Amino acid sequence: MAINPLGLIAGATAFLGIWFGHVSVRRIEAQSTKLWHPMVIYLAAGLILELGAFFMSNKALSMVCGITGITLLWDVLEFKRQERRVQKGHAQPNPANPRHAVLLIEPGALATKDEDPSSQSRSTTSDSKIAQPVDGVQRP
Amino acid sequence: MNTFGLVIGLCSLLIIGLGFPIVILCERYLGYLWWPYMMGIGLLITLSSLLILTDWLSALTGILGVTLIWGSTELREQSRRAEAGWFPNNPNKITPPYENVIKKLKAPRL
């Protein structure tokens, strides 16, 4: 019986791409003082990979580049979305990051460093895990 | 010039995008305890891609399968978001078969 590994390769690439984006966007957004730096790097890497996919004659390699490139391009948007999650208090801010520190001192800011019982996101649940940066990409 | 990778990449974006409403609706109407079933279906779809000889169809099937596997790991997080009020919370969820067994398992989170 003939077996076609292309689907498994595509699936594994997509899974690892989503995973990498999911973790890296949250971590880099929390550390980066200027968000446009990683955004430009991801954009360039995504475009280079898409260009590589276009010129590669091997189907599997072309597909791996195509899928990885697209996930990196999506991650460019996810950086802004993650920043918005922090602003809304849906993801934990990093007080050591000046970009996030501003959010913590702004009057009426939704981003909170400590457990705040008056915070809407926490008052409805006793699960402290909700205070963690739970929102991520792609996470489909 | 090979457009295969580019087209599959764009299609993967659409399929991954489809995962968002699948997770939200599955959690809302069924609940996060259905995660082993979603993971199992995802695994079966991914493995079935091995038997599809048409390259583009095999690739898209594989991506659909892993999207469901990823979605199964997101169900618990989605239920926490619903509990926190970020998404509508439906109290009348359909309980899965072998609910008590599933409750003893730790829902995966990536």
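The table that follows gives values for the structure above.
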quantity	calculated
A:Ile41 more than 13 Å from the chain's Cα centre (by Cα), among the β-branched types (Val, Ile, Thr) and modelled with pLDDT of 95 or more	yes
Among residues of segment B:58-110, those that are in contact with a helix residue (DSSP H, G or I) (Cβ under 8 Å, 6 or more places away or on another chain), farther than 16 Å from B:Pro21 by Cα and open to solvent by 60 Å² or more (accessible area, probe 1.4 Å), counted	7
Segment A:34-65: number of residues that are touching a residue at least 40 places away in the same chain (Cβ under 8 Å) and either among the aliphatic types (A, V, I, L, M) or within 13 Å of chain B (Cβ to nearest Cβ) (or both)	6
Test: residue in segment A:1-23 that is open to solvent by less than 20 Å² (accessible area, probe 1.4 Å) and away from every other protein chain (no Cβ under 11 Å)	no
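So that you can scan it fast, the table gives a plain yes or no per residue for (1) within 9 Å of chain A (Cβ to nearest Cβ); (2) open to solvent by 40 Å² or more (accessible area, probe 1.4 Å); (3) free of Cβ contacts under 8 Å to residues at least 12 places away in the same chain; (4) aliphatic (A, V, I, L, M):
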position: B:Ser12; (1), (2), (3), (4): yes, no, no, no
position: B:Gly19; (1), (2), (3), (4): yes, no, no, no
position: B:Ile22; (1), (2), (3), (4): yes, yes, no, yes
position: B:Glu27; (1), (2), (3), (4): no, no, no, no
position: B:Trp35; (1), (2), (3), (4): no, no, no, no
position: B:Leu50; (1), (2), (3), (4): yes, no, yes, yes
position: B:Trp56; (1), (2), (3), (4): yes, yes, no, no
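The values are calculated or read from the model by the stated rules, or taken from the named source; none is laboratory data. Just so we're clear, the structure is a prediction, and the values are computed from it rather than from any experiment. Quick reminder, even Gly has a Cβ in these numbers, built from the backbone with ideal geometry, and neighbours come from all protein chains shown. These accessible areas exclude ligands, DNA and RNA; they are computed on the full protein's heavy atoms, side chains included. Shrake-Rupley method; radii C 1.70, N 1.55, O 1.52, S 1.80 Å.
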